[in-house]
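The values are calculated or read from the model by the stated rules, or taken from the named source; none is laboratory data. From a predicted model like this one, the values you see are computed outputs, not experimental measurements. Cβ coordinates were reconstructed from backbone atoms using ideal geometry, including for glycine residues, and neighbour counts include every protein chain displayed. For accessibility, only protein heavy atoms count, side chains too; no ligands or nucleic acids. Shrake-Rupley method; radii C 1.70, N 1.55, O 1.52, S 1.80 Å.
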Amino acid sequence: MRTIDLLIFFIYLFGIIVFGGSFYKKSRTSLAFTLGNRNIQRWVVLVYGIFINLHNYGIDQNYVQRYIAPRSDRDAKRSAFSGGMLYIPVSMMFLFIGTALFAFYQSGAAILPVDLQDINRSDAVFPHFIANELPAGVTGGLIASIFAAGMSTISTSYNSAATVVLADYYTRFFKKSPSERQSMQLLYISSLVISVSGICIAMAMINVKSALDAWWKLASIFSGGMLGLFLLGVFSRRKNVPGAVIGVVAGLLVIVWLSLSKLMAGPAIPGNHIHTYLTIVLGTSTIFLVGFLVSLFIKKKSLPILLLGLAVLFASCQGRKDTRGNKFEVPGQAEPGKGGYVSAAFIYPLEKRPTPQCHASTMAEIDGGLIAAWFGGSHEKNPDVGIWTSIYQQGNWSEPSEVADGIQSDTLRYPCWNPVLFQPVSGPLILFYKVGPDPQEWWGMMKTSSDGGRTWSRAWKLGMGPLGHLIGPVKNKPVHLEDGTILCPSSTEISEPGKDDIWRIHFELTKDLGKTWQVIGPVNDGKDFDAIQPSILVYPGGKMQVLCRTRQGVISQSWSGDQGRTWSEMTATFLPNPNAGTDAVTLKDKRQLLVYNHTWQKGDFPSGRNMLNVAISDNGTDWKVLMTLERADGEFSYPAVIQASDGLVHISYTYLRRTIKHVVLDPEKLN
């Protein structure tokens, strides 16, 4: 412990001496010190820490045996009290390691390898620092200390677990008075079985990106029941068997619900917005409070009736259909000329469509009008699919023309995907698009136009990055940062044999119009949320939000307080998502406007992509459905939305996969 504490001190001291105020300034802007949206994570850590420490000193045999061993109750109390008080500074020191390392590498004193810049590999940064930045002697001593501490902890855990097997199970249920030899044999066998099981579990967790994070979550889930019962027994004088049983049942139901609800019904339901670390807090509190209240009013004779009633209540709650995604009042289909709906028209008529199918439109403003692009061909994924454009001027759309294809040679052609138009503050109009056999293997391409999309440069490949092929903005438009950087919202769909694709979002930045790139993320691990196709919303003070398509039946979100350099843990919004693309824009009046399918993927009509809606929010959290653009059998999907210089909002979207529809809204009339 002392070696680690000294290391923290010297990291901090080294940062202050060498980098002066920059150390504090950089750490001040990191996740550890931001206020705003992520402030909630600090109280989560604090409350979780209090309860997990109660768990340690209440039911963890490693700790219990230590304060039972002293000669007197006074020494035991002193041991427990000093251990509890030490938790605060020791935890602060451990948590500060991340902040110190963040400031160290952000200052430029050393370069962190690209593969370690992934937020999901943060556990590997400290070992990298130890191996590459510390003097040889200090490194050796620190590694020896870590191994010594680890071996001590493991041996203590094995001994404690074996003792529990002997004292709580063997002597109670099999043989009340075993001989010393029999007891030792059982302890040896138990230790062997437990150690082999531990090795197997460790091997199974090799691919877990954060072992510490996984342990905290598992401890939170499995410790709440025992801790709640322990606290009920210690602090409540009125406890009885019915209270304890009912409290434990209620607490376990809460723990199971918080732990498994995402797997059972998707993250749109109540409980999925609660951080995993709070499972032990809510589970323990439920057992204690329910047990205490039941013990006040209920006698032992009422126990069977109460258990039956609780089971019926839980079953009824499980059987209720979740209505969170339908709690919004969804208006009927909008009509041009009413409620801010200015006009609607097809970019090209159905009877004169240039290709059998089309999809994934995008728009940008040009001098005197708009330009739209989409991919079109015989069918999505077919090699003849290319990128098409049309120009809007004086209220009319021009004849569509193909401006990009996936031809590789005389004998090889790939389909094109998801174009994104973007007009930088200065420079030519940019067309980003993807080429490849599928989203798992595609790569990013771009070309530019200096005359508003009438003619285009040759196309070039964006190149490679730490996540594979750079693809630029995957579906929705980039945003300009204050320093001129173009921040592109992107995502990957990674295939693993025999498993579902892993969907993760990240960001690609360019400061020189696509010549060089930097990658941020991935933001999510693809487990709680399979998220792709983010759209960026901006707020004052460098704050940003992304809204993402998911396979979990809900639009997910993540927040940034530093113009997209770092992002919060992904969470669910209250908005449904039928695994369909969305787009959003920050209006000039600072409101946020979202275009999306307000439906579930399956169920009664409307479902899937049968209905397309517009919602608005003042803060990105509380949304109101303002308009229904489409509501009929068929597909209405993949919207794109921009606000033009005259203030009007322009939306384009796929109409039955046969044409692209263009809708104009007046935001001043959207109430």
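For the residues Glu441, Glu402, Glu508, a 1.4 Å probe over the protein chains yields an accessible-area ranking, largest first, of Glu441, Glu402, Glu508. Residues whose amide H lies under 5 Å from that of Asn597, counting only those 5 or more places away or on a different chain, are Asn613; hydrogens are built 1.01 Å from N in the peptide plane. I'd like the FRET efficiency for Asp562 and Val47, computed as 1/(1 + (r/R0)^6) with the beta carbon distance as r and R0 of 30 Å, rounded to 0.05. The value I calculate is 0.70.
Rolling a 1.4 Å probe across the protein heavy atoms gives region 481-640 an accessible surface of 35 Å² per residue. Each peptide among 359-366, 425-432 gets the average number of other Cβ atoms lying within 10 Å of its residues, and from highest to lowest they stand as 359-366, 425-432.
At R0 = 45 Å, how high is the FRET efficiency between Ala69 and Lys499 if r is their beta carbon distance? Nearest 0.05 is fine.
The computed FRET efficiency comes out at 0.40.
Our coupling estimate for region 641-652, obtained by passing each phi through the Karplus curve with A = 6.51, B = -1.76, C = 1.60 and θ = phi - 60°, is 9, 9, 10, 7, 5, 7, x, 6, 9, 10, 10, 10 Hz, Gly and Pro reported as x.
Per atom type, region 570-668 shows carbon and sulfur on 45% of its accessible surface, probed at 1.4 Å.
Per-residue Karplus couplings for region 658-664, computed as 6.51 cos²θ - 1.76 cosθ + 1.60 with θ equal to phi - 60°, are listed in order as 10, 7, 10, 9, 10, 10, 10 Hz, Gly and Pro entered as x. Tell me the net charge near Leu648. Cut-off is 12 Å between Cβ atoms, Leu648 excluded, with +1 for each Lys or Arg and -1 for each Asp or Glu. Local net charge: -2. The protection proxy used here, the mean number of other Cβ atoms lying within 10 Å of each residue, ranks peptides 530-541, 476-487 as follows, highest first: 530-541, 476-487. Taken over the alpha carbons of region 364-523 as equal point scatterers, the Debye sum produces base-10 log I(q)/I(0) values at 0.13, 0.15, 0.17 Å⁻¹ of -0.62, -0.82, -1.03. Measuring with a 1.4 angstrom probe and ignoring ligands and nucleic acids, Met184 comes out at about 70 Å² accessible.
Subtracting the Cα-Cα distance from 0.36 nm times the residue separation, let me have the gained length for Ala202 to Gln440 in nm, one decimal.
82.6 nm
The simple spin-label model puts a point 7 Å past each Cα toward its Cβ; for Asn382 and Lys669 those points are separated by 4.0 nm. Please state, as a whole number in µm²/s, the translational diffusion coefficient that the Stokes-Einstein equation yields for region 394-449 at 10 °C and 1.306 mPa s, with Rh defined as the Kirkwood radius across alpha carbon pairs. After rounding, the answer is 122 µm²/s. Grouping the Cα pair distances of region 470-564 into 10 Å bins from zero gives a pair-distance distribution of 17, 49, 27, 7, 1 percent in increasing distance order. Entry comment: accessible area of region 345-426 is 46 Å² per residue, from protein heavy atoms only and a probe of 1.4 Å.
Residues Ser491, Ser157, sorted by accessible area with the largest first, give Ser157, Ser491 [1.4 Å probe; ligands and nucleic acids excluded].
Across region 525-654, the volume of the C-alpha convex hull divided among the residues equals 103 Å³ per residue.
As a calculated quantity, the FRET efficiency between Lys461 and Phe605 at R0 = 41 Å, using C-beta atoms, amounts to about 0.40.
Solvent-accessible area assigned to carbon and sulfur over region 129-170 amounts to 70 percent, based on a 1.4 Å probe. Computed over protein heavy atoms with a 1.4 angstrom probe, the accessible surface ordering of Thr571, Thr599, largest first, is Thr571, Thr599. With the charge dipole of region 501-606 set up from +1 on Lys and Arg Cβ and -1 on Asp and Glu Cβ about the Cα centre, the Cα lying farthest toward the positive end among the listed residues Trp503, Thr550, Leu587 is that of Leu587.
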